[in-house]
Structure formats: structure tokens, C-alpha cells
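Written below as C-alpha cells is the structure these notes are about.
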Protein chains: 2
Amino acid sequence: MAAEVHRRPVVTDMEPVEAHVARVLAAVRPVAPAMLGLAAAEGAVLAADATAATPLPSFDNSSMDGYAVHAADVAAASGEGPVTLPVADQIPAGDTRTVTVAAGTCVRIMTGALLPGGADAVVPVEWTDGGRAQARFFQPVHKDNAIRHRGEDVAVGDVLLPGGTTLGPAQIALLAASGHGSVLARAAPRVAVIATGNELTEPGAPLVPGQIWESNAYMLAAAVRQAGGSATRHRAGDDPGTVLALLTELSAVADLLITSGGVSMGGEHDVVKAALSGSGAADMTFCKVAMQPGMPQGFGVIGPGRTPLLALPGNPVSAFVSFVLFGCPALDALRGRAPGPRPVRRAELAGPLRSPRGRRSYLRGVLAPDGATVAPLTGQGSHQLGALARANALIVVAEQVVSMAAGETADVISLP
Amino acid sequence: MAAEVHRRPVVTDMEPVEAHVARVLAAVRPVAPAMLGLAAAEGAVLAADATAATPLPSFDNSSMDGYAVHAADVAAASGEGPVTLPVADQIPAGDTRTVTVAAGTCVRIMTGALLPGGADAVVPVEWTDGGRAQARFFQPVHKDNAIRHRGEDVAVGDVLLPGGTTLGPAQIALLAASGHGSVLARAAPRVAVIATGNELTEPGAPLVPGQIWESNAYMLAAAVRQAGGSATRHRAGDDPGTVLALLTELSAVADLLITSGGVSMGGEHDVVKAALSGSGAADMTFCKVAMQPGMPQGFGVIGPGRTPLLALPGNPVSAFVSFVLFGCPALDALRGRAPGPRPVRRAELAGPLRSPRGRRSYLRGVLAPDGATVAPLTGQGSHQLGALARANALIVVAEQVVSMAAGETADVISLP
């Protein structure tokens, strides 16, 4: 059975996912860069090219343990007719003395040590008898053997890392090795996550029927940190004035606000919508996005600094998927990274699925370790966190597709 | 041109990579678990199954905005012959009052709100005129429509998450939604990273020829944090006694020590080897592993607590690759995760490569976004951080292969 597709256009007041992404990205600017020490710069994004102020290596040095020599002195060496030279000195790594090798002598040298003057080659210890007072050489050596020349890897002014690079372990190492004690980079954006609703109680506290334990702000704060932001967690009830006051206050100390809940279409109890609609303090758009889960969405700016505010739906799975689609690009933009679309791969469906007509589905699935197959999970309700907690992927089903069979190939977004 | 392979066995005193991994894993035990609050538990690993103490949902509730009714009361409703019922009350989410719907009436109800007594269905607001004092119903409703029943997602005693689960955003959300304010989990292992060598100077400080800026400890500390550990960074010179004292001191406050440098085969200047060999304070094995880069390796335990100590080579690329191969499994084991081998994928080589006979190579490469091709980078020297900083993958070349051509398929390990 092939995918069941409806070709007839769906008349809808819903916007495509891409339109809401574009709305978000049009309003989000990178946070201000700062000089960050290397430890603080981990995970940050370079705000400008990092260039080399020093050549690398910064001095001629030996790439092996051995003997620094005049190559001509061992030109006649062989296994049958070894050449013997007196060992005039030894240079460990970190030795900063100025040493010179006189013709007819050699100097014992360690990997990474400063090449002594006069030497034009290093003979690996394996080609010798390893002697201390004098050494026997069993083969000749080419000029420049085992020598790393000053500047051969990096010249002054070379771009070490282009602006926009995310600083992981290897990038931090390259900066350190080049002498950068700090770099101009954008630190983790400050994100305030606000869960709304009178029904929310703190996990660990007892529950009265009608109440639920707050999970969205915990989830979104963790997701923000995973996406390279720093996060604070807040809760607000159902009073629009209080919610507006809290959001306005937070807008002064955050680079992005993310609310969950209070944006649906039904009731007067949609507190985020009520708080922000028609308020002079905020400039918001609330809309329906043609997706499942997560149809009701909001985005805008709030406060004197026009801080971006992402208003996500309150069902936990809806909030999660919405964060993946809209929050992650916003974080990328704040960090100064190119906010490309989430990478999509293709995998074979291990089971059938259904999807509502006219909305793009993001179904929870388990992608096999080899990436070849993806199994849709049971429990696809937008409140069902159990399946989300077992998922490692979202299966993307196009708007016009209402069902797919096992064995068909689907688009998949891997979850971190 | 196909891969050039040597079938004749290589006589060697080197150990296979797997043997050194096994040596590491045989000595590493998970860190002690602790009750961690949810924010602290982000990234931690569950030490035992997390089970449900409360059913989910914990009370019957509405899955939509609408009206709670006796289904029988609207059985005759149609577009032509709507049924009108008085609206006796309204129940927003979070309302904990005990409300009952009398026959012949209805109660307005919001998504997630406690279902009132007597009601056996919820009519979505879209099927009504949305009235406040009285509501007109345009179609009948099945019993249980739009009702989420107590316990239908999770029953008391159900395993929410099995022990060994790494707690990301969705798992944290599931725990929170189930009322867990804290969980028994293993926090980030404490890892002390120690760079050795008199040649090391702090990045940002001026350099004298013979010295280099310290980069390995910065790199390894960042890699430890990326792999789920917490890290402290230390430097030591070339005096074995001082190094031994520092390592012994750190062994009391760390779950793992990682040194870089001082383990090669050549000189008496191999300070880690000198400090730990024959010392009663440590029980170490130094060996050659059949890999490139990173042949000289060490592993053992140190101090009264027999803290594991991973002694990595000092060339930065060697240290990085060694961390990927030996440090990451050690971190997994400390965290209580199954320390499986790094996932290996297959990709087509975009260019040729060479590899030393008898050693497994881990060459730096760039894996295309679609994962189909991988391009070996230039600058494969084990001191050349530039290529490592541009790489997103290691190309794994088997011991007996000495060259591969563009177009051949290679094993690839993605870097985080």
C-alpha cells in the first residue's frame, strides 16, 4: 500500500510551518559579543574570524625523540659502518636555552623541543644506539628530517576559525595552541521559560484533582540548554495582568522569552493571548500553523527592548515539537549561527502511520541505530509524554499525506 | 584503484584498540547515585527504574474546549434541530471545585479541566454555538468523547523510564509530569584533566622559543563536559615527584584522572611514565596501541580509592582521538550508561588517503551533511590542530589497509 495522498487543495486559515519560522527569524538578532575566556567560550559562537597572531609552530622543533645533527656528518653512516658522534648536550621539551650544534657533534633532543642552531636534521633514536655520551648512527638522514619548521602549519594573519564557528573541544584547542587566552564570541543567550496556568503545581508537591504537575518549563529549560542557551524557569497563573507584568519584567533580563500554554483558540482562559493581545507593551501575532501537534502558536516582541517572545502551546508534546521547529532556529539566530532548517534524513517506516489532512505531522518515532528504519511509537496524543520520552526522532509527514504504510520511506528529524 | 591491503601479518608489540578499551572498562565503575532535583538531573543517568506513583492523567479531564454533558441529552441534536441546554457552570483548567452536571444541563469546560460528576462526554465548542448562558448543540456525541480517563496513559507502578536512561528534556518532562521532584541518578562524573610538560605556558601569556601554549587540558576538559562529565583543568611540569603528588591529591576528589603527555617510548623525559611506573601509589600499564595517531597509551588506577587514570599521549590530535576511543567509554561507564563502541557509519571517500601498515588510522575528515561522502582533510599530522578543528568526523582505516582511493567506501565516526 502506498501513501494515501489528497491532491485537492485544503482551504485553510492555517499558515505553513515555514511562514512561522520566517516570522521568528525576521525578528531575532544575534546577542552582543563579548571577550570570553577559553573555558567560558566552550559552546559559544565566534563573532568574528579568529586569526593567528603567531606562526605555528612558533619555533623550529623536533617531531621525534632523537639527535639533532649536521646531516653531512652522518652521510656515510650504515649498519656495517656506523658513524659515531659525541653528544654535546640534550634538549628536553620546554628548554628555552640557546644551544648550537657544532659540526662533528650531535645534541640529544626530545619531541617538541627547540631545534638547536646549526642542526639541519633530526635522526630518530631508532636509527641510532641511543647513546648518552656518544651516539652511533646506522643510516644517513635527509636534510629537514623530523623538523617542524616555524610557521609551517599556520602563518601570522591566517584565519584559524571563521566567524560563526561553534567552539567545541577541537576549536578551543586550536585557539589555545595559538595563544588566544580569550576570544570575541557570543555567549549562551539568556532565555526565560514561563509555564502558564492555574492548574500547575510543582513536581514533588501533593496534587489535588484538577491540578497537574508542571513539566513544560522543566522540559523547555532543558531543551534551551541543550540548544546552547542558558535558561531560567518561571510559573504564572491565569491572571492576564500578572502574566503581562512578569513577561515585561523578564523581557529586560532575557534575550528570548518562551511561554507555554494560553494560546489556543477556544476559551477566554487563554492567558498569554489575553495578556499580550492589544497591549501596548507587546507586538504579537497569534496564528494557526498547519502542523500536528502544535497548531496554535504565537510570536512577537515585548518590552522597551523589543525582546522576542515565542508563545508555544501548552500540551507538552506540542510545546516540545514547537520548540524544535521554532525555538531551535531562534536560538541559532541569537547565537550567531546560520539558522538552517533542521537536517532531515530518510528512513524506511517499520510500521504504518496516519496523519491529519492539511497539517504536517511530526510523529514520535524510534530511529534504528543504523538509521535505516524508523518505527512510529504508540501514544501519539499531544499530551502523551511517554512516547516522546522514548523517541529519538520525529517522523515528518507532509500536509497532503493522510496515511503511510510500513516499508515506505519517510522524512525523519533526529532528536539530540 | 581499490584499497591496497597487506594480508601478511605484521609482527608487532602493539595491542589492538579493543584490548585497551577492555582494559579501561574492566577498571571503571559507575559513580554513586544520589537523589537529584530535576534541574540538577539534566544530562544525568537514572540509577534505577523510575516508576509512576500516580496514574496519568491523575483525574478524568477534558481533551478539548467545549461542554461537559450527559450524552443522552444531545442524542437528538442536528443542524436542523439543535438541542439547547442551560450552561450551569464553567470549569477552567486548574479549577479544583467538585462540580456535578445535572441531567438536562451542561457545563462549559476547558482543555485539561477536571471533568464534572455526571458528565459522560464532552462536546467540542466547534459543534455548538459557544453560548455562555445557554448553548445550542448541533450534533450528538459519543459517550467518552474528548474525555481523557484517569490512568489511561500511565498506571501506578508502571515503569516511566528504565534505569540507565539519560535524562534529556523529554525524560525530565515525563518525570515532572508524573510528580517526581527528584530522582535517583548519577550526576556528572568529576574528571581532573592534567597537562604535563615544562614547555607549557598559559594561552594569552607571552611565549619564549621552546615553549608552547597549553591546549590539551583546555581541549580535554571541553571534551569531558561534552561527554557528560564535569572537568577541572590542571598543569604540571616535568618533575616526577611533583606530578605523582598532584595526581595522588587529585585522585581523592575525582572519579577519573586524564593526563596528556609524558607517555612516549623515547626519553627519560616521559614524566607521567616516570612518576607512575614502579610507584606503590599507582598500578599502571603503559603500552603501544596499534593506532595512528596515539600509539603510546597508559591506563591504571591511583591512590587509596584506586581512581582510574587514563594517560593519553601529548600530541594534541593524538590526545583528542585517544579521548574519543578510550575516554568516552570510560565516561559512559562512570555515568552508568552502556559503554558501547562509537557508532560507525559508512561513507564514500571524496579523496584518496594513506595509512600506516599495522596501525588503525583515525584520519580527520569532513562528512557531507547528507552523510553520503567524507573528504579526508589535509594536515593529518598528529600535532596539526587546524585540520582537527575543521573536521566533523574520523575516517577509520583498518590495520592492514595502507591506501584507499576516492570513491571507495570507508568507516566513519561522527564527532559531536
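The values are calculated or read from the model by the stated rules, or taken from the named source; none is laboratory data. This one's a predicted model, so the numbers in the text were calculated from it and none came from an experiment. Cβ atoms come from the backbone with ideal geometry, glycine included; neighbour counts cover every protein chain shown.
What's the total number of residues in region B:84-122 that are hydroxyl-bearing (Ser, Thr, Tyr), farther than 23 Å from A:Val208 by Cβ and crowded, with 17+ Cβ neighbours inside 10 Å?
Residues of region B:84-122 hydroxyl-bearing (Ser, Thr, Tyr): B:84, B:96, B:98, B:100, B:105, B:111.
Now restrict to residues that are farther than 23 Å from A:Val208 by Cβ: B:84, B:105.
Going one step further and asking which of them are crowded, with 17+ Cβ neighbours inside 10 Å, we end up with B:105.
Total meeting the criteria: 1.
Can you find a residue that is within 14 Å of chain B (Cβ to nearest Cβ) and acidic (Asp, Glu) anywhere in region A:148-156? Even if it seems obvious, please write down each step before you answer.
So in region A:148-156, the residues within 14 Å of chain B (Cβ to nearest Cβ) come out as A:148-156.
Filter once more, so that each one left must be acidic (Asp, Glu): A:152-153.
Looking for residues that are within 14 Å of chain B (Cβ to nearest Cβ) and acidic (Asp, Glu), one finds at least one in region A:148-156, hence yes.
Can you tell me which residues in region A:360-398 are modelled with pLDDT of 95 or more and either assigned by TED's automatic domain parsing to the domain that holds A:Val17 or of a type in the set (D, E, K, R) (or both)?
Of the residues in region A:360-398, the ones modelled with pLDDT of 95 or more are A:360-367, A:373-377, A:388-398.
If the condition is that a residue be modelled with pLDDT of 95 or more and either assigned by TED's automatic domain parsing to the domain that holds A:Val17 or of a type in the set (D, E, K, R) (or both), then A:Arg360, A:Arg364, A:Arg390 are the ones that fit.
Go through region A:185-199 and report how many residues are at the interface with chain B (Cβ under 7 Å from one of its Cβ atoms) and hydrophobic (A, V, I, L, M, F, W, C). Spell out how you get there, then give the answer.
Step one: list which residues in region A:185-199 are at the interface with chain B (Cβ under 7 Å from one of its Cβ atoms), which gives A:197-199.
From the residues that got through so far, the ones that are hydrophobic (A, V, I, L, M, F, W, C) too are none.
Residues meeting the conditions: 0.
So which of A:Asp270, A:Asp238 is within 14 Å of another protein chain (Cβ to nearest Cβ) and free of Cβ contacts under 8 Å to residues at least 12 places away in the same chain? Explain how you work it out, then say what you get.
Details: A:Asp238 fails: free of Cβ contacts under 8 Å to residues at least 12 places away in the same chain.
The match here is A:Asp270.
Could you grab me the full set of residues in region A:105-120 that are in contact with a strand residue (DSSP E or B) (Cβ under 7 Å, 6 or more places away or on another chain), away from chain B (no Cβ under 12 Å) and over 23 Å from B:Gly261 (Cβ atoms)?
The answer is A:Thr105, A:Cys106, A:Gly118, A:Ala119.
Please go through region A:120-165 and pick out each residue that is of a type in the set (Phe, Trp, Tyr) and assigned to a loop (DSSP other than H, G, I, E, B).
We begin by selecting, within region A:120-165, every residue of a type in the set (Phe, Trp, Tyr); these are A:127, A:137-138.
Across region A:120-165, the qualifying residue is only A:Phe138.
For region A:339-356, what are the residues that are part of a loop (DSSP other than H, G, I, E, B) and surrounded by 13 or more Cβ atoms within 10 Å (Cβ to Cβ)? It would help to see each step written out before you state the result.
Taking region A:339-356 and keeping what is part of a loop (DSSP other than H, G, I, E, B), we get A:339-344, A:350-352, A:355-356.
Once the filter is applied, which keeps residues that are part of a loop (DSSP other than H, G, I, E, B) and surrounded by 13 or more Cβ atoms within 10 Å (Cβ to Cβ), region A:339-356 yields A:Pro339, A:Arg342, A:Val344, A:Ala350, A:Gly351, A:Pro352, A:Ser355, A:Pro356.
Which residues, counting only those in region A:396-416, are part of a loop (DSSP other than H, G, I, E, B) and within 22 Å of A:Asp370 (Cβ to Cβ)? So that I can check it myself, show each step before the final result.
Within region A:396-416, the first condition is being part of a loop (DSSP other than H, G, I, E, B), and the residues that meet it are A:398-400, A:405-408, A:415-416.
Matches in region A:396-416: A:Ala405, A:Ala406, A:Gly407, A:Glu408, A:Leu415, A:Pro416.
For region B:67-82: of the residues being free of Cβ contacts under 8 Å to residues at least 60 places away in the same chain and closer than 30 Å to A:Met295 by Cα, which is surrounded by the most Cβ atoms within 10 Å (Cβ to Cβ)? Break it down stepwise before answering.
Within region B:67-82, the subset free of Cβ contacts under 8 Å to residues at least 60 places away in the same chain is B:68, B:70, B:72-73, B:80-82.
Imposing the further condition that a residue be closer than 30 Å to A:Met295 by Cα reduces the set to B:68, B:70, B:82.
On the way: B:Ala68: 31, B:His70: 20, B:Pro82: 17.
Among them, the one singled out is B:Ala68.
Looking only at region B:34-41, decide whether some residue is over 30 Å from B:Asn145 (Cα atoms), modelled with pLDDT of 95 or more and more than 14 Å from chain A (Cβ to nearest Cβ).
Yes, because at least one residue in region B:34-41 is over 30 Å from B:Asn145 (Cα atoms), modelled with pLDDT of 95 or more and more than 14 Å from chain A (Cβ to nearest Cβ).
In this structure, is B:Val317 part of a helix (DSSP H, G or I), β-branched (Val, Ile, Thr), touching a His at 6+ places or on another chain (Cβ under 7 Å) and within 14 Å of chain A (Cβ to nearest Cβ)?
Judged against the criteria, B:Val317 is a match.
Considering only residues that are of a type in the set (S, T, N, Q) and closer than 30 Å to B:His149 by Cβ, look in region A:200-235 and name the one that is nearest to the other protein chains (Cβ to nearest Cβ). Show your work before the answer.
First pass over region A:200-235, keeping only residues of a type in the set (S, T, N, Q): A:201, A:211, A:215-216, A:226, A:230, A:232.
Still in the list and also closer than 30 Å to B:His149 by Cβ: A:201, A:211, A:215-216.
Working: A:Thr201: 9, A:Gln211: 6, A:Ser215: 4, A:Asn216: 7 Å.
In this case the residue turns out to be A:Ser215.
I need the full set of residues from region B:44-59 which are touching a strand residue (DSSP E or B) at 6+ places or on another chain (Cβ under 7 Å) and either under 16 Å from B:Leu161 (Cα atoms) or among the aliphatic types (A, V, I, L, M) (or both), in order please.
Across region B:44-59, the qualifying residues are B:Ala44, B:Val45, B:Leu46, B:Ala47, B:Ala48, B:Asp49, B:Ala50, B:Thr51, B:Ala52, B:Pro55, B:Leu56.
Restricting to region B:162-175, give me the number of residues that are of a type in the set (A, V, I, L, M) and in contact with a Leu (Cβ under 6 Å, 6 or more places away or on another chain). First the steps, then the outcome.
Of region B:162-175, the ones of a type in the set (A, V, I, L, M) are B:167, B:170, B:172-175.
Now narrow it down to the ones that are in contact with a Leu (Cβ under 6 Å, 6 or more places away or on another chain): B:170, B:172-174.
Matching residues across region B:162-175 total 4.
Residues that are among the aromatic types (Phe, Trp, Tyr), surrounded by 17 or more Cβ atoms within 10 Å (Cβ to Cβ) and without any contact (Cβ under 8 Å) to a residue 60 or more places away in the chain: does region A:278-291 have at least one?
Yes, region A:278-291 has at least one match.
Output the residue which, of all residues in region A:221-245 that are of a type in the set (A, V, I, L, M) and touching a helix residue (DSSP H, G or I) at 6+ places or on another chain (Cβ under 6 Å), is nearest to B:Asp60 (Cα to Cα). Don't jump to the end; show me each part of the working.
Residues of region A:221-245 of a type in the set (A, V, I, L, M): A:221-224, A:227, A:231, A:236, A:243-245.
Those left that are additionally touching a helix residue (DSSP H, G or I) at 6+ places or on another chain (Cβ under 6 Å): A:222-223, A:227, A:231, A:236, A:243-244.
Working: A:Ala222: 29, A:Ala223: 30, A:Ala227: 35, A:Ala231: 33, A:Ala236: 24, A:Val243: 28, A:Leu244: 31 Å.
Per the criteria, the residue is A:Ala236.
Taking the condition free of Cβ contacts under 8 Å to residues at least 12 places away in the same chain, at the interface with another protein chain (Cβ under 8 Å from one of its Cβ atoms) and not β-branched (Val, Ile, Thr), does B:Gly371 pass?
Numbers: free of Cβ contacts under 8 Å to residues at least 12 places away in the same chain: no; at the interface with another protein chain (Cβ under 8 Å from one of its Cβ atoms): yes; not β-branched (Val, Ile, Thr): yes.
No; evaluated as a whole, the condition is false for this residue.
Would you be able to say whether some residue in region A:57-66 is surrounded by fewer than 24 Cβ atoms within 10 Å (Cβ to Cβ) and more than 30 Å from A:Gly157 (Cα to Cα)?
no
Out of all the residues in region A:121-147, which are of a type in the set (Asp, Glu), away from every other protein chain (no Cβ under 12 Å) and under 17 Å from A:Val83 (Cα atoms)?
The initial filter retains those residues of region A:121-147 that are of a type in the set (Asp, Glu), namely A:126, A:129, A:144.
Now narrow it down to the ones that are away from every other protein chain (no Cβ under 12 Å): A:129, A:144.
Selection gives A:Asp129 alone.
Yes or no: A:Ala187 modelled with pLDDT of 95 or more and surrounded by 24 or more Cβ atoms within 10 Å (Cβ to Cβ)? Give the steps one after another, and end with the answer.
Numbers: modelled with pLDDT of 95 or more: yes; surrounded by 24 or more Cβ atoms within 10 Å (Cβ to Cβ): no.
Answer is no for this residue.
What is the number of the single condition among (1) within 9 Å of another protein chain (Cβ to nearest Cβ); (2) buried (at least 17 other Cβ atoms within 10 Å of the Cβ); (3) in contact (Cβ under 8 Å) with a residue 24 or more places away in the chain that A:Ala173 does not meet?
Here A:Ala173 clears every test but (3).
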